[in-house]
């Protein structure tokens, strides 16, 4: 056989093999495509800001799938641990909205059953897991009565060891923004200084304030790098430069961190009787001395909004912009998202004649925490005991926390930003007022971190003044 014929024959075999291979690959690829379509939608990615989800209600988990969504069974979505959600589809995305803030340091599993894609009718079950971050818990331990420095200390749920993060001879109060700690110290003649301390800085930075300045009501936003405080200065020639003036500082690093006065409707610095940051925004609520309320954007992005006249502001329902206010004849809930006001119809618990109620903190639209003090006469002397309780929509009372000793007292309590825990400050019968002019407390104070749903104490720290109280 000639070389020419052999070459032509080999070329023919090669062509047939190439064609056969292409046909096989096409069949295999078609089979994979067919199988992919027949398997129904598949999850490609999930995205959520887990840190924000522990601070705010209404945060979303976005699930992206490999084809447009034709339908989902929104009512059948499951979440572990249990969380109230709503679900909706948008093209190739499924949006899961959490109605309340999520738990700290938890692993969540979200299951979306019966997801049908646009290409065919085979339903699929989608599952996604994510973890929420740990939460640090801070307290202030005053020891100046023992000749030692006051200290700010922290711990967390995942790492319960206590660490000292700031020390000074006398500390009045503190607040934190992420890893930045703002601390008000007390010097000679009760003069205040303000320091900013950050984890990676060897020395705290002192904030420039007017001479002989007095600071009170220091607080921080739970969702933005902002702090605020009320500033007073002594009179010079009969005039005060600052008098109950609300000041704020932007700690984002976008500009110099310098105190700026909050301006009212007339453009003048506002005198504040009470105030609080609005969760999830750069705004705050200010109550003037005539009891008028205003919603003010710290960055000046929105005009000042009057909110009427109310006797008292009692904070926000955790993770929301729902403001609780109180008047002599009723309580009300102001939804700052739409400006509507609703009367609070709170059920009262059936209490004995010797039980007295204290401060109330709303957990949602109908449930609240309240301190109770029981007064008895034993052996001719008055004995007081106290506890923290939850009252539900039907008026049923449930104990959340009681001190180990009957003679110890619940001095204060503050709910965590996600509404999961409460920090309870307790001092014993031998404790005494600590003689601080502003933000006074008691000696021998302990703080217990209690899970509200289970009444389980999960952490204990010496001192009081939890950073949750400075939000």
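The values are calculated or read from the model by the stated rules, or taken from the named source; none is laboratory data. For clarity, every value in this text was computed on a predicted model and none was experimentally measured. All Cβ positions, glycine included, derive from the backbone under ideal geometry; neighbour counts span all protein chains shown.
Couple of notes before you dig in:
- Across region 45-74, the qualifying residues are those that are in contact (Cβ under 8 Å) with a residue 40 or more places away in the chain and assigned to a strand (DSSP E or B), and the one among them that is surrounded by the fewest Cβ atoms within 10 Å (Cβ to Cβ) is 71.
- Extreme residue, nearest to the chain's Cα centre (by Cα), among residues of region 96-110 that are surrounded by 14 or more Cβ atoms within 10 Å (Cβ to Cβ) and not in a loop (DSSP other than H, G, I, E, B): 98
- Selected residue (criterion: nearest to residue 462 (Cα to Cα)) from residues of region 422-441 that are in contact (Cβ under 8 Å) with a residue 40 or more places away in the chain and outside any loop (DSSP other than H, G, I, E, B): 425
- With respect to (1) over 24 Å from the mean Cα position of the chain (by Cα); (2) closer than 17 Å to residue 153 by Cβ, the lone exception for residue 432 is condition (2).
- Filtered residue count, region 136-159, keeping only those that are part of a loop (DSSP other than H, G, I, E, B) and surrounded by fewer than 22 Cβ atoms within 10 Å (Cβ to Cβ): 7
- Verdict on residue 257 being modelled with pLDDT under 95 and surrounded by 16 or more Cβ atoms within 10 Å (Cβ to Cβ): yes
- Criterion (surrounded by 14 or more Cβ atoms within 10 Å (Cβ to Cβ) and either out of contact with any strand residue (DSSP E or B) (no Cβ under 7 Å at 6 or more places or on another chain) or in contact (Cβ under 8 Å) with a residue 40 or more places away in the chain (or both)) met by exactly one of 230, 239, 262: 230
Matching residues to (1) in contact with a strand residue (DSSP E or B) (Cβ under 7 Å, 6 or more places away or on another chain); (2) crowded, with 18+ Cβ neighbours inside 10 Å:
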residue: 161; (1), (2): yes, no
residue: 164; (1), (2): yes, no
residue: 175; (1), (2): yes, yes
residue: 178; (1), (2): no, no
residue: 182; (1), (2): yes, yes
residue: 186; (1), (2): yes, yes
residue: 190; (1), (2): no, no
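- If the condition is being more than 18 Å from residue 247 (Cβ to Cβ) and touching a residue at least 40 places away in the same chain (Cβ under 8 Å), then region 268-292 contributes 279, 280, 281.
- Just one residue in the set 358, 300 is under 26 Å from the mean Cα position of the chain (by Cα), surrounded by fewer than 20 Cβ atoms within 10 Å (Cβ to Cβ) and in the same structural domain as residue 408 (by TED's automatic domain parsing); that residue is 358.
- Qualifying residue in region 122-134 (condition: in contact with a strand residue (DSSP E or B) (Cβ under 9 Å, 6 or more places away or on another chain), within 30 Å of residue 151 (Cα to Cα) and buried (at least 19 other Cβ atoms within 10 Å of the Cβ)): yes
- In region 196-213, residue surrounded by the fewest Cβ atoms within 10 Å (Cβ to Cβ) [restricted to those that are touching a residue at least 24 places away in the same chain (Cβ under 8 Å) and within 25 Å of residue 243 (Cα to Cα)]: 208
- Meets criteria (closer than 30 Å to residue 136 by Cβ, touching a residue at least 12 places away in the same chain (Cβ under 8 Å) and surrounded by fewer than 18 Cβ atoms within 10 Å (Cβ to Cβ)) for residue 83: no
- With respect to the conditions (1) under 24 Å from the mean Cα position of the chain (by Cα); (2) part of a loop (DSSP other than H, G, I, E, B); (3) within 24 Å of residue 269 (Cβ to Cβ), residue 338 falls short on a single one, namely (3).
- Filtered residues of region 112-133 (kept if within 26 Å of residue 158 (Cα to Cα) and assigned to a strand (DSSP E or B)): 127, 128, 129, 130, 131
- Of all residues in region 75-86, none are under 30 Å from residue 432 (Cα atoms) and either in contact with a helix residue (DSSP H, G or I) (Cβ under 9 Å, 6 or more places away or on another chain) or part of a loop (DSSP other than H, G, I, E, B) (or both).
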